[in-house]
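Take a look at the structure set out below.
The values are calculated or read from the model by the stated rules, or taken from the named source; none is laboratory data. Predicted, not measured: the structure shown is a model, and the values here were computed from it. Cβ placement follows ideal geometry from the backbone for every residue including glycine, while neighbour counts extend to all protein chains displayed.
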Amino acid sequence: MPEIDIGGRPIIYDVQGTGEPIVFLHAGLADRHMWDAQLAHFSASHRVIRYDQPGFGESPLPDDSVSYVDDLRQVMDTLGIDKATLVGCSLGGMVSLEFAVNYPERVSRLVLVGSSIVGYKPSAPLPELWEKARQAYENKDYAGVTEIGVQLFVVGRGRASEDVPDDLKAYVYKHYYASNFGQNARPEITWPVRSAVEHLSEIDVPTLVIVGSLDTEQIIEMANLLASSIPNAQKAMMENTAHLPNMEQPDAFNEMLEEFFSQR
């Protein structure tokens, strides 16, 4: 696979198609392959870039802290991309937000999927499962913590596990465990001093905020905040999906993005 060298660290990426660039940034419980359906669809009309952030997928863990925002800038620089649409899910949404605030001239559109916000503490109560996860972690039951993560973010609120495809649960289990407890245990992340939470009203690009109806109350709260605070933002709720709506309903997700991209 092609790679980009950033300070001696290889970043594994894919690029496909021609046209206006779209950079897809994966969630913290996945890798670049969470965007398989989007790469196949949008590369017919756009230049599509996706990559494994350090400590995920095939991009190795750095020895020290890492700035995912600076990595995105260097990926775009290396690939000759002056300006792009950013589509980020969860952790990828956080990176996209911070990038848009710190490098506004390099972002043409934002799509934020189940995104958290650096520095924001939701008022919604934590799910009861968090306490079980904490206890499992203290007991070094990392498999148990991972199972709870799958329940929270893949199965979602009020849905039975058997109603979610086994391959999706297995995919997230693998990457959630690897990035939290395995060989890719998550690095220390350095975020920009100029934090997005204090500058949401300054984001001046068309923004689509997508959230699954079965995602956690905290994520839905942050989606509402993003949609109400970013001047040119609209929100879309994807029914019967949890934290990875693009994987659960790829056709509906792609159609939603196509409609958003067609707006001028």
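Regarding Pro21, is this residue surrounded by 19 or more Cβ atoms within 10 Å (Cβ to Cβ) and either among the β-branched types (Val, Ile, Thr) or modelled with pLDDT of 95 or more (or both)? The answer is yes for Pro21. Taking first residues from region 98-123 that are without any contact (Cβ under 8 Å) to a residue 40 or more places away in the chain and partners that are among the hydrophobic types (A, V, I, L, M, F, W, C) and not in a strand (DSSP E or B), the Cβ contacts under 7 Å between residues at least 6 apart in sequence or on separate chains come to Phe99/Val69; Phe99/Leu72; Arg106/Met76. In region 158-188, the residue that is modelled with the lowest pLDDT out of those that are loosely packed, with under 13 Cβ neighbours inside 10 Å and not small (Gly, Ala, Ser) is Gln183. For region 237-255, how many residues meet the condition of being in contact with a strand residue (DSSP E or B) (Cβ under 9 Å, 6 or more places away or on another chain) and surrounded by fewer than 19 Cβ atoms within 10 Å (Cβ to Cβ)? Number of matching residues: 5. Here Met237 meets each of (1) at pLDDT below 95; (2) closer than 30 Å to Val155 by Cβ with one exception, condition (1).
Here is a yes/no grid of residues against (1) in a strand (DSSP E or B); (2) crowded, with 24+ Cβ neighbours inside 10 Å; (3) more than 12 Å from the chain's Cα centre (by Cα); (4) of a type in the set (Phe, Trp, Tyr):
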position	(1), (2), (3), (4)
Asp63	no, no, yes, no
Gly80	no, no, yes, no
Leu86	yes, yes, no, no
Gly92	no, yes, no, no
Ala100	no, yes, yes, no
Ser108	yes, no, yes, no
Val111	yes, yes, no, no
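Quick grid of which residues meet (1) more than 15 Å from Ile22 (Cα to Cα); (2) of a type in the set (A, V, I, L, M):
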| position | (1), (2) |
| --- | --- |
| Lys83 | no, no |
| Ile117 | yes, yes |
| Pro122 | yes, no |
| Glu131 | yes, no |
| Lys140 | yes, no |
| Leu152 | yes, yes |
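Of all helices (runs of 4 or more DSSP H) completely enclosed by region 185-264, which ones contain at least 3 residues that are acidic (Asp, Glu) and over 22 Å from Lys83 (Cα atoms)? Here the list is empty. Phe56: closer than 27 Å to Ile203 by Cα and assigned by TED's automatic domain parsing to the domain that holds Asn254, yes or no? So Phe56 does not fit the description; no. Out of the residues in region 131-143 that are in contact (Cβ under 8 Å) with a residue 12 or more places away in the chain and surrounded by 13 or more Cβ atoms within 10 Å (Cβ to Cβ), state the one that is nearest to Glu259 (Cα to Cα). Step by step, filter region 131-143, then rank; the result is Ala133.
Which of the residues spanning region 1-18 are of a type in the set (A, V, I, L, M) and either touching a Ser or Thr at 6+ places or on another chain (Cβ under 6 Å) or at pLDDT below 95 (or both)? Within region 1-18, Met1, Ile4, Ile6, Ile11, Ile12 qualify. Is it the case, given these coordinates, that Ala30 is crowded, with 24+ Cβ neighbours inside 10 Å, small (Gly, Ala, Ser) and touching a residue at least 24 places away in the same chain (Cβ under 8 Å)? Criteria met by Ala30. Listed conditions (1) small (Gly, Ala, Ser); (2) assigned to a helix (DSSP H, G or I); (3) not assigned by TED's automatic domain parsing to the domain that holds Phe253 are all met by Gly158, apart from (2). Selection over region 33-58 of residues that are charged (D, E, K, R) and either surrounded by 21 or more Cβ atoms within 10 Å (Cβ to Cβ) or at positive phi (or both) gives a count of 2.
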